[in-house]
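Peer 1: Submitted below is the structure of interest, expressed as structure tokens.
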Amino acid sequence: MLMTGPRFRAFTARCSRDKVERSLLPFLAHHAAADDEGRPTPCDLHDVFLRLTFDMTCALVFGVDPGCLALGLPGVPFARAMDDALETLFLRHITPTACWKLMSVLGVGQEKKMAAARRTIDCFVATTVAKRRADMLREGEGEGVCSSFDLLSSFICHEDDSSENDDDDDVFLRDTTVNLLLAGRDTTGAALSWFFYLVSKNPRVEQKLLDELAPIVASRRRAGGAAADAASGMVTFDADELGSGLVYLHAALSECLRLYPSVPFEHKVAAAADVLPSGKELKAGDKVLVFNYSMGRMEGVWGKDCTEFRPERWLNEDGTKLRYEPSYKFISFNAGPRTCLGKEMAFVQMKAVAAAVLWNFAVEVVPGHVVEPKLSIILHMKNGLAVKVRRRDGTYGAAPPSSVTPCFSEF
């Protein structure tokens, strides 16, 4: 209930907009600035989005901002440890169990990195939990920690006072918060990377997205509001502006997740003997792999244009409303009782980032850069996403969407 409650949803929206405004847009503006030869500096947008979503997820889960997305792109040991843990978990899927368990006992190979990663993760979480508990004791029940909206503070404030086993509480907090961080950081960052890759290759879709955003900015100007931050001249969007009205943006993000699901495969184990709808019999302990990546590209599921990036498939005939697709067909957020708890949170974050970057910058993949998936639990980009970003001149939203062509500032 914590993640679906109005208080946490408002906190998510506020954190997302603040991080976009204070970190992401200034970072991209720095790279959009011309060098001595009049060209913008390329950057790895995949790395940028992973750093951004790591900061955002840490703020939501732990109430702290590690500051990964600073101009110098500082190294953060906790983030590196999370990467090592994910890599090891994937290798465990393709390595015989006896093999990786022996490597773990001997402390060699990838399992050695996993042990070091776990120590780093445990230390970070233990330090954060201890600090938060100390803040709670110092500030009292009525304020401070218990008035914070992050998930760790909520868990601590709802702990059973009669519990005498603090070690069990700490293990629960560590496992729960790390699980939430893993689920929220890489998935959203990877999805945003694939989204901008697809949009950069589909100018028609980019234009329609800008057309959808233009009335929002124009209405702010007509109402006398500040359409852009006075210092930077860049626009960010509120959660209520990114809601049900931006159906094409929602459709484009869904279409991206269909083609490039953040979790490309699901691994299930039969708890008891069962029979699949196909008639295949399963014994207890049998493993079932569901390949979300392949399902999103099956003609029998999505039609003959299944390999095309076409957001219109998610809209009704007149393009004004979203078309319902069952979760057992669109399985990017899992389905049934195991549907992702953070689905709405992920869409809020993705829309806040996508809308702001689209409106303020044109993103172009560096010619010759090879974009391909990486073998991983999360669908990362093997070679990153090398792009050049250029500032738009800010005049787009001042005219009716149908009559405007996006303009870019000259460098």
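Peer 1: Would you mind putting 184-195, 328-339, 271-282, 241-252 in packing order, based on average other-beta-carbon counts within 10 Å, highest first?
Peer 2: On the way: 184-195: 25.5, 328-339: 14.7, 271-282: 9.4, 241-252: 19.0.
Final packing ranking: 184-195, 241-252, 328-339, 271-282.
Peer 1: May I pose another question? Starting from 0.36 nm per residue, how many nanometres of slack lie between residue 30 and residue 211 once their C-alpha separation is accounted for? If you can, show how the numbers build up before the last one.
Peer 2: On the way: separation 181, 0.36 × 181 = 65.16 nm, distance 2.60 nm.
Stretched out fully, the residue 30 to residue 211 stretch lengthens by 62.6 nm.
Peer 1: What dipole magnitude, in Debye to the nearest 20, does the chain give about its Cα centre under +1 on Lys/Arg Cβ and -1 on Asp/Glu Cβ?
Peer 2: Details: 48 positive and 54 negative charges, 225 e Å.
So the magnitude is around 1080 debye.
Peer 1: What is the calculated FRET efficiency for residue 299 to residue 119, with r their C-beta to C-beta distance and R₀ = 41 Å, to the nearest 0.05?
Peer 2: Numbers: r = 48 Å, r/R0 = 1.17.
In this case the efficiency is close to 0.30.
Peer 1: Okay, next question. Could you rank the peptides 14-24, 293-303 by their average count of other C-beta atoms within 10 Å per residue, with the highest value first? Kindly include the intermediate steps, with their values, before the conclusion.
Peer 2: Values: 14-24: 20.1, 293-303: 14.3.
Taking the mean over residues of other Cβ atoms within 10 Å, the ranking is 14-24, 293-303.
Peer 1: For region 251-297, what does the alpha-carbon gyration tensor say about shape, rounded, prolate or oblate, given a ≥ b ≥ c as the root eigenvalues, a/c under 1.5 as rounded, and a/b over b/c as prolate? Show your work: numbers first, answer last.
Peer 2: On the way: a/c = 3.95, a/b = 2.60, b/c = 1.52.
Judged from the Cα gyration tensor, region 251-297 comes out prolate (a/c at least 1.5, a/b above b/c).
Peer 1: Next up: Grab the Cα-Cα distance for residue 280 and residue 344, subtract it from 0.36 nm times how many residues apart they are, and report the gain in nm with one decimal.
Peer 2: Numbers: separation 64, 0.36 × 64 = 23.04 nm, distance 3.47 nm.
That pair, residue 280 and residue 344, stretches by 19.6 nm at full extension.
Peer 1: Could you provide, to the nearest whole Å², the per residue accessible area of region 1-132 with probe 1.4 Å? Write out the running numbers ahead of the final one.
Peer 2: Details: 6520 Å² over 132 residues.
Heavy-atom accessible area per residue stands at 49 Å².
Peer 1: Rounded to whole Å and ordered largest first, report the semi-axes of the equivalent ellipsoid of region 10-64 derived from its Cα gyration tensor (root of 5λ). It would help to have the intermediate numbers written out before the result.
Peer 2: Details: eigenvalues 149, 26, 9 Å².
The three semi-axes for region 10-64 are 27, 11, 7 Å.
Peer 1: Now for a separate question. Which shape class, rounded, prolate or oblate, goes with region 169-318 when its Cα gyration tensor gives a ≥ b ≥ c as root eigenvalues, a/c under 1.5 marks rounded, and past that a/b bigger than b/c marks prolate? Spell out each step's value before the answer.
Peer 2: Details: a/c = 3.02, a/b = 1.61, b/c = 1.88.
It is oblate, given that a/c is not under 1.5 and a/b is not larger than b/c.
Peer 1: Which of the pairs 19/208; 19/131; 112/343; 283/321; 287/329; 268/374 have their Cα atoms more than 32 Å apart in this structure? Each step should come with its number before you reach the end.
Peer 2: Working: 19/208 26 Å; 19/131 23 Å; 112/343 34 Å; 283/321 44 Å; 287/329 21 Å; 268/374 22 Å.
Where the Cα-Cα span goes over 32 Å, the pairs concerned are 112/343; 283/321.
Peer 1: How far apart, in nanometres, would the label points at residue 172 and residue 137 be if each is projected 7 angstrom from Cα along the Cα-to-Cβ direction?
Peer 2: Here the modelled spin labels are 2.0 nm apart.
Peer 1: What figure, in Å² to the nearest 10, do you get for the accessible area of residue 122 with a 1.4 Å probe and non-protein molecules left out?
Peer 2: 50
Peer 1: Quickly estimate the mean residue ellipticity at 222 nm for the chain, helices only: each DSSP H run with n ≥ 4 gives -39500 (n - 2.57), and the total goes over all residues, rounded to 500.
Peer 2: Details: 13 runs with 199 residues, N = 411.
The helix contribution divided over the chain gives -16000 deg cm²/dmol.
Peer 1: Same structure again: Of all the accessible heavy-atom surface of the chain, with the other protein chains kept in place and a 1.4 Å probe, what percent is carbon and sulfur? Intermediate values should be presented prior to the final figure.
Peer 2: On the way: 11540 of 20540 Å².
Its accessible area is 56 percent carbon and sulfur atoms.
Peer 1: Give the shape of region 270-403 as rounded, prolate or oblate, defined through the alpha-carbon gyration tensor: a ≥ b ≥ c are the square roots of its eigenvalues, a/c under 1.5 means rounded, and otherwise the shape is prolate if a/b is larger than b/c and oblate if not. Write out the running numbers ahead of the final one.
Peer 2: Working: a/c = 2.35, a/b = 1.79, b/c = 1.32.
Because a/c hits 1.5 or more and a/b exceeds b/c, region 270-403 counts as prolate.
Peer 1: For the chain, what Kirkwood radius comes out of the mean inverse Cα-Cα distance, in Å?
Peer 2: Details: mean 1/r = 0.0431 Å⁻¹.
For the chain, the Kirkwood estimate is 23.2 Å.
Peer 1: Take every Cα-Cα pair in region 325-364 and report what % of them are more than 14 Å apart.
Peer 2: Values: 465 of 780 pairs.
Taking all Cα-Cα pairs of region 325-364, the fraction more than 14 Å apart is 60 percent.
Peer 1: With the dipole of the chain worked out from charges on the C-beta (+1 for Lys and Arg, -1 for Asp and Glu) around the Cα centre, which of 121, 88, 298 lies farthest toward the positive end?
Peer 2: The listed residue farthest towards the positive side: 298.
Peer 1: Solvent-accessible area per residue for region 271-355 at a 1.4 Å probe radius, Å²? Intermediate values should be presented prior to the final figure.
Peer 2: Working: 5360 Å² over 85 residues.
Heavy-atom SASA per residue in region 271-355 reads 63 Å².
Peer 1: Would you check the accessible area of residue 78, probe 1.4 Å, heavy atoms only, in square angstrom rounded to 10?
Peer 2: About 10 Å², ignoring ligands and nucleic acids.
The values are calculated or read from the model by the stated rules, or taken from the named source; none is laboratory data. Given the structure is predicted, the values throughout are model-derived calculations rather than measurements. Every residue, glycine as well, gets a Cβ built from its backbone with ideal geometry; the counts of neighbours run over all protein chains shown. When the accessible area is computed, the model is the full protein with side chains, heavy atoms only, and any ligands, DNA or RNA have been set aside. Shrake-Rupley method; radii C 1.70, N 1.55, O 1.52, S 1.80 Å.
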